[in-house]
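Written below as C-alpha cells is the structure these notes are about.
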Amino acid sequence: MPPEIDLYCERTAVGVFNEPVGLISNVAFLIAAVCLSRQSKQSMASYLLIAWLSFIGIGSGLFHAFATTATLLMDVIPIQGFILTTIWVLYAIHLKWKWWVVFGLMAVCMLVSAELPRDWLNGSAGYLPAWILLVTAATLHHPGPSRRYLLMASLLFPISLTFRSIDDLLCEEIPSGTHFMWHTCNALVLFWIVRAHQSMLEENSPLDRSE
C-alpha cells in the first residue's frame, strides 16, 4: 500500500518506522531546544523561538512517522512560525526597523515563497527568501557575537538546503536519502539563530554588581 504522501527516498510504504533515519534525526531539533533553554539570558522572543524549535522537531517527527496531510501541516506550520518570528526578532529588535516595514518583509517573504515553483530544488526553493533575509540581517548587524552566529547560520543554511534538494537524485546510491542531513544541519542553523538573539541579550545586560 503506497503512503499518503511520498516525498523522500527513505519512504517506500505505509508504516510508522518506514523512515527511521528521517524520524530519529528530528531529535536534533529537540536537543537544540533543550540546550538553548538552559542559557541564562532569555526573553519572550527567545522563549517563543525555542518553543517553535521544539514544535519543529515534534511536527517533523510526526510527519516522517505517518506521512499524511494532517502531519504535513504539523511539520510546515512550526517552520513558518519560526521563520516569521525570526524576521521580527532580527529586523524589529536587532536592527530596530519600523514595525510596519518588518511586517512588510514578513508578507513579502511569505508571498514570494508561496509563488516559487514547488518542483524547484525538490521543493526547497520556498526557503530561499528566508535565507536571503537571514544573510541581509547578518550583513547589516553590528559586529559582535550575535553577528557571528548569524553569519555562521547564513553559511550553513545553503549546505543544509543542498542536502534537502538532492535527496531524490541519490535514491539509488543512498537508499536512506540525504533528507536526514537537512534535519541535522538545520537544527544547528536554527540553534545559531536563537543563540544570536540570546547573545544580544547578554551583550546588553548590565554587569553583575556582585562581581
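The values are calculated or read from the model by the stated rules, or taken from the named source; none is laboratory data. Everything numeric in this text was worked out from a predicted model, so none of it was measured. Cβ coordinates were reconstructed from backbone atoms using ideal geometry, including for glycine residues, and neighbour counts include every protein chain displayed. Each accessible area value is taken on the protein alone, full model and side chains, heavy atoms only, with ligands, DNA and RNA left out. Shrake-Rupley method; radii C 1.70, N 1.55, O 1.52, S 1.80 Å.
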Carbon and sulfur %, accessible surface of the chain computed with the full protein complex present, 1.4 Å: 71 percent
Not counting ligands, DNA or RNA, and with a 1.4 Å probe, what is ILE50's accessible surface area in Å² rounded to the nearest 10? 10 Å²
Binned at 10 Å from 0, what are the whole-percent values of the Cα-Cα distance distribution for segment 1-134, short to long? 12, 34, 35, 16, 3, 0
Might you tell me the accessible area per residue for segment 81-133, computed with a 1.4 Å probe and given in Å²? 56 Å²
Between LEU48 and VAL16, how high is the FRET efficiency from 1/(1 + (r/R0)^6) when r is the Cβ-Cβ distance and R₀ = 35 Å? Nearest 0.05. 0.70
Counting only complete DSSP H runs, which helices of the chain cover 20 Å or more along their long axis at the Cα atoms and score a mean Kyte-Doolittle of -0.5 or above? 44-66, 69-88, 99-115, 145-165, 179-204
Over the chain: helical MRE at 222 nm, DSSP H runs n ≥ 4 each giving -39500 (n - 2.57), nearest 500: -21500 deg cm²/dmol
